[in-house]
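Here the structure comes first, spelled out in structure tokens, and everything after it is commentary.
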Amino acid sequence: MKRIFQILIGVVFIQVGYTQQLESLIEQGLLNNPEIQAGEIRYSIAVEKVKEVNTLPNTEFSAGYFASETETRTGAQKARFGIRQMLPWFGTITARENYTGSMAEADYVALVIAKRKLILGISQAYYGLYAIKARSRVLEENIELLRTYEQLALKSVEGGKTSAVDVLQLQIRQNELLEQQRILRQQYVAEESGLNNMLNRDEDIPVSVMESFVLPAEDDFIISDSVAVHPELLKYDRLYESVLKDDLLVKKEGSPMLGIGVDYVPVAERTDVSFMDNGKDMVMPMVSVSVPIFSNKYSSLGRQNALRKKELNAMRQERFNTLKTQLAEALSQRNSARIRYVAQSENLKKAQNAEEILIKNYETGTIDFNDVLDIQELQLKFQMNIIEAINSYYNQMAIINYLSNQ
């Protein structure tokens, strides 16, 4: 089973959008994240519990001294020593091991789920950093572009072709973009800090992020029912199996227990008479049976397990429906992101063509800087929309990777 879940974890590394930097971050997170470490400890404890139940009940030793000696034909009884061992019904210890082992398997699946969620969280944080960095770079490019336009406007003012108002408008627009850029820097620091916390390392450690992402030529085909073997559902399967094994354990524990033992009684020799076996010690083997006559406890546990199985089936079905819905939504959002990316890329090309026309008009002696600002705002809008489409695409791919096992 471990090998299967290792494959389920490893599948995310071959999906689109997982760069070398991101894979390195994920590996660090799986190694250092406190939640993952706690989950591994819980699983180790569960494995140890299997060894814990592979034991017999405590052996009982007893000793007693006759304050008032009991006289027998062979002599006076001085003391009594005994040893007893209760033995569970045949197969009870095996049933306990099976039940405890099934609970350990459920803990292991929970660990796998935690790892996959961590991979999702790290991936989304990484793509968030890319988006912030890309937006900041676009803002810087547009600020430089506005500075170029400002120089053109100043020359036009000197030549009497435009007014100083146009220059002020360009400067105001630059200040607005600078403000947005400073806000993005603060967002980047916060996002980087959150990612470093997931990796359980110092918040100030810089994160290396790719400069640009491109959408793949084609999208992977995802089957909607691929969530059927998702670890979140496998966890319910393991819990259901544990209830089945608990049913068998309840039946075994409701069976009689056998006890074996021996009593030893030292006897003092009689001095008033001599005969065979005078002062011979007594040894008495013992056999006992512990019968659960009042079995309401075990009947109740059986009914509880029956209800528990119904509950787990309902919970599994509900989670299966939720995962399918989430996968359908992620696929829809991924496809929508591609549509937005294509449309906004086309719009950006047209806006750049319009900018070239305006520059040519300046060379001929006429330019309307209001048109310049309008085109610049359109370009910035389209560039930001492209970045958002790329960020959305890869975020949805991260969710799809979490939900599917293809």
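Bear in mind that the values in this text are calculations on the coordinates, not laboratory data. Treat the numbers as computed from the prediction; the structure is a model and nothing was measured. Positions of Cβ are backbone-derived with ideal geometry, glycine not excepted, and every protein chain shown enters the neighbour counts.
Length gained on full extension, Met282 to Glu69, computed as 0.36 nm times the residue gap minus the Cα-Cα distance: 75.2 nm.
Sequence-ordered 3J(HN,Hα) estimates for the stretch 172-188 from the Karplus curve with 6.51, -1.76 and 1.60 and θ = phi - 60° stand at 4, 5, 4, 5, 5, 5, 5, 4, 4, 5, 5, 5, 4, 4, 5, 5, 5 Hz, glycine and proline given as x. About its Cα centre, the chain has a charge dipole of approximately 1600 debye under the convention of +1 per Lys or Arg Cβ and -1 per Asp or Glu Cβ, with nothing else charged. Taking only the Cα atoms of the stretch 214-280, the ratio Rg/Rh comes out at 1.74, with Rh defined as the Kirkwood radius. Taken over the stretch 248-406, the percentage of Cα pairs per 10 Å bin, counting from 0 up to the bin with the maximum distance, is 8, 15, 11, 10, 10, 9, 7, 7, 7, 6, 4, 3, 2, 1, 0.
Over the chain, dividing the summed -39,500 (n - 2.57) contributions of all DSSP H runs of at least 4 residues by the number of residues returns a 222 nm mean residue ellipticity of -24000 deg cm²/dmol. Working note: Karplus 6.51/-1.76/1.60 with θ = phi - 60° gives the stretch 261-266 the couplings x, 8, 10, 10, 10, x Hz, where Gly and Pro are set to x.
Scaled against the 2.2 N^0.38 Å expected of a compact globular protein of N residues, the Cα radius of gyration of the stretch 271-311 reads 2.89. All other residues whose Cβ lies under 13 angstrom from that of Thr322 are scored, Lys and Arg at +1 and Asp and Glu at -1, for a net of 0. Given all pairs of different Cα atoms, what value in angstroms does the Kirkwood hydrodynamic radius of the stretch 83-204 take? This gives a value of 20.2 Å. Dipole of the chain computed with +1 at Lys/Arg Cβ and -1 at Asp/Glu Cβ about the Cα centre; of Ser24, Ala153, Ser255, farthest Cα towards the positive end is Ser255. Between the alpha-carbon centres of the stretch 55-98 and the stretch 208-231 there is a gap of 67 Å. Restricting the calculation to Cα atoms, every distinct pair contributes to the Kirkwood radius of the stretch 225-323, found to be 18.7 Å. With all pairs of separate Cα atoms included, the chain yields a Kirkwood hydrodynamic radius of 28.5 Å. Listed by chain and number, the lysines whose C-alpha is less than 20 Å from the C-alpha of Lys235, apart from same-chain residues fewer than 8 away, are Lys2, Lys49, Lys115, Lys117, Lys245, Lys309, Lys310, Lys324.
Over the chain, Cα pairs under 8 Å with separation of 6+ residues give a relative contact order of 24 percent. Computed over the stretch 327-401, the range of Cα coordinates on each principal axis works out to 57, 15, 13 Å, biggest value leading.
Cα-based values for the stretch 107-166, radius of gyration first and Dmax second, are 24.3, 78 Å. Mean projected area of the Cα convex hull of the stretch 137-210, taken over all directions, amounts to 5.7 nm². Choose one of Ala131, Asn54, Met86: the residue whose Cα lies farthest towards the positive end of the charge dipole of the stretch 37-151 (beta-carbon charges +1 Lys, Arg; -1 Asp, Glu; about the Cα centre). Of Ala131, Asn54, Met86, it is Met86.
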